[in-house]
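Data first, discussion second: the structure below is written as structure tokens.
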Amino acid sequence: MDRLIIQGGTTLRGELRASGAKNSALMMFPAALLADEPVTISNVPHLRDITTMIELLGSLGVEVVIDEKMNVEIHANTIKQFRAPYDLVKTMRASFNVLGPMLAHYGHAEVSLPGGCAIGPRPVDQHLRGLAALGAQIEMDDGYVKARVQGRLKGAHIFFDVSTVGGTEHIMMTATLAEGETVLENCAREPEIIDLADCLNAMGAQVSGAGTDTITIQGVESLHGASHRVIADRVEAGTYLIAAAATGGRIRMRDANPDHLEVLITKLREAGAEIETGENWIELDMHGERPKAVSLVTAPYPAFPTDLQAQIIALDCIAEGTGTIKETIFENRFMHVHEMNRMGARIRLEGNNTTAIVEGVRKLKGAPVMANDLRASVSLVIAGLIAEGTTVVDRIYHIDRGYEQVEEKLKNLGANIQRVAEP
Ligand code: EPU
């Protein structure tokens, strides 16, 4: 297992490019299972989660062709198996979303229930309710969801009880092949949902309203091949912007969409950053100053994303003043707090562990740390960058799930960081 060794105290400066969005790209793979012809996805990031998804399609017998530029071509009609096994679904919940597309296209599918994960229980009840409303017969057997339909699924009016990104995506894509109209209400509005709808429409689907809380899908009989380019990863871009702000630095993010990061930009300005934006770039300058503490509440898009909460806590650790960070999406997403406290941070959890009160200190101290969630792990890298001395971040396979070439990108910005294999 690899670890990252960071000598803290450098200021991040320079220019870098945001990769393709992990959470968008991941959904294009199940979506491609709906088509009768090959679907080509470009700007796919080179990440462990993407490899897991490719492995999952491989286990279904689906041919996936990848070129050196990470253009990925998926041939759904080569499918041979209709069962997604536990060992692949448990490592990555996004795999659960192959259920609906296989069902809609081929009439049956079996997918393991994903189970719990490091950041909370994360149920799939909204996915299952949606599929049932579209006419799927669903049975649970031995930890697997077995779904069938005679003929085609049928359009329905579905109201989500909670704002769910994966649930909205799952039912939206499945309904593209249902007979008649489907109306989804109380949908999540994340940019990745719009990106998925664009990809589906390029395949011949008729989806409208993605990005609002009501999505309407006119079902079609079949979908054809298409090429689609994945949008920029707003969470990756946001992570580097926060890292630069925390170190007092100055960076320019290329290929990033500032419209997708509006709240973060507001919060970083509150922290003292000067930020300029263009159509596809964001420039941040902290002028070497210590950040001011920011407070926020995570909530579904367009509010502050839970996927940037841990990184903002790292910034608040060394900020002037006290920040209050409330997490409302996941139950167990503060594991980085205990590790940061070991580095000299002053953070206490309140309100049944839903709120972190971060009292800024002038400096953190390097320490060996680890976390078992992607965003928590990368927040410890930021903590390492602003700490005195050496920080060793262990179990970085979590970071490799969602950050392409993290140490290369940080090195280019002047960080003193190395990846080493565990002895
Ligand atoms: N929920 C339910 N029932 C459901 C589905 C969700 O109660 O059937 C609850 C969840 O337990 C959670 C809330 O609804 O409390 C939101 O979950 P959501 O379904 O929106 O999350 P997700 O689709 O499983 C995606 C991202 C996450 C990101 C969340 C929230 C992908 C592949 N994953 O997860 O990304 O944190 O939305 O924005 O898109 C990450 O990249 O590090 C990551 C965890």
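What to note about this one:
- Residue that is nearest to the chain's Cα centre (by Cα), among those in the range 286-308 that are assigned to a loop (DSSP other than H, G, I, E, B) and within 14 Å of the ligand (Cβ to nearest atom): Pro305
- Among residues that are surrounded by fewer than 22 Cβ atoms within 10 Å (Cβ to Cβ) and either hydrophobic (A, V, I, L, M, F, W, C) or part of a loop (DSSP other than H, G, I, E, B) (or both), Val378 is not included.
- Filter result (in a loop (DSSP other than H, G, I, E, B) and charged (D, E, K, R)) within the range 1-39: Asp36, Glu37
- Top-ranked residue of the range 309-356 - restricted to ones that are charged (D, E, K, R) and either in contact with a Cys (Cβ under 6 Å, 6 or more places away or on another chain) or in a loop (DSSP other than H, G, I, E, B) (or both), ranked as modelled with the lowest pLDDT: Glu331
- All helices (runs of 4 or more DSSP H) inside the range 40-119 with 1 or more residues being touching a His at 6+ places or on another chain (Cβ under 7 Å): 99-106
- For the range 17-51, the tally of residues that are more than 14 Å from the ligand (Cβ to nearest atom) and of a type in the set (Ser, Thr, Tyr) stands at 3.
- Scanning the range 152-171 for residues that are over 11 Å from Leu131 (Cα atoms) and assigned to a loop (DSSP other than H, G, I, E, B) returns Arg152, Phe160, Asp161, Val162, Ser163, Thr164.
- Of all residues in the range 180-197 being surrounded by fewer than 16 Cβ atoms within 10 Å (Cβ to Cβ) and charged (D, E, K, R), the one that is nearest to Gly219 (Cα to Cα): Glu181
- All conditions but one from (1) of a type outside the set (Phe, Trp, Tyr); (2) surrounded by fewer than 24 Cβ atoms within 10 Å (Cβ to Cβ); (3) within 14 Å of the ligand (Cβ to nearest atom); (4) within 20 Å of Tyr301 (Cα to Cα) apply to Lys90; the one that does not is (4).
- Checked against (1) out of contact with any helix residue (DSSP H, G or I) (no Cβ under 9 Å at 6 or more places or on another chain); (2) surrounded by 15 or more Cβ atoms within 10 Å (Cβ to Cβ), Met335 passes all but condition (1).
- Filtered residues of the range 267-283 (kept if farther than 16 Å from Gln309 by Cα, within 23 Å of the chain's Cα centre (by Cα) and aliphatic (A, V, I, L, M)): Ile282
- Residue list for the range 380-423, restricted to those being away from the ligand (no atom under 16 Å from the Cβ), under 14 Å from Thr239 (Cα atoms) and among the charged types (D, E, K, R): Glu407, Lys409
- Scanning the range 126-151 for residues that are assigned to a strand (DSSP E or B) and within 13 Å of the ligand (Cβ to nearest atom) yields a single hit, Val145.
- Subset of the range 155-165 (residues that are within 6 Å of the ligand (Cβ to nearest atom) and either surrounded by 22 or more Cβ atoms within 10 Å (Cβ to Cβ) or acidic (Asp, Glu) (or both)): Thr164
- Test for Pro85: is it closer than 22 Å to Ile138 by Cβ and within 16 Å of the ligand (Cβ to nearest atom): no
- Matching option when the condition is surrounded by 15 or more Cβ atoms within 10 Å (Cβ to Cβ), at negative phi and at pLDDT 95 or above, among Ala387, Ala371: Ala387
- Pair list, Cβ < 9 Å and 6+ apart or interchain, from the range 40-66 residues that are closer than 19 Å to Met102 by Cβ and among the polar types (S, T, N, Q) to residues that are part of a strand (DSSP E or B) and more than 16 Å from the ligand (Cβ to nearest atom): Ser59/Arg83
The values are calculated or read from the model by the stated rules, or taken from the named source; none is laboratory data. Fair warning: this is a prediction, and the values are worked out from it, not measured in the lab. Cβ atoms come from the backbone with ideal geometry, glycine included; neighbour counts cover every protein chain shown.
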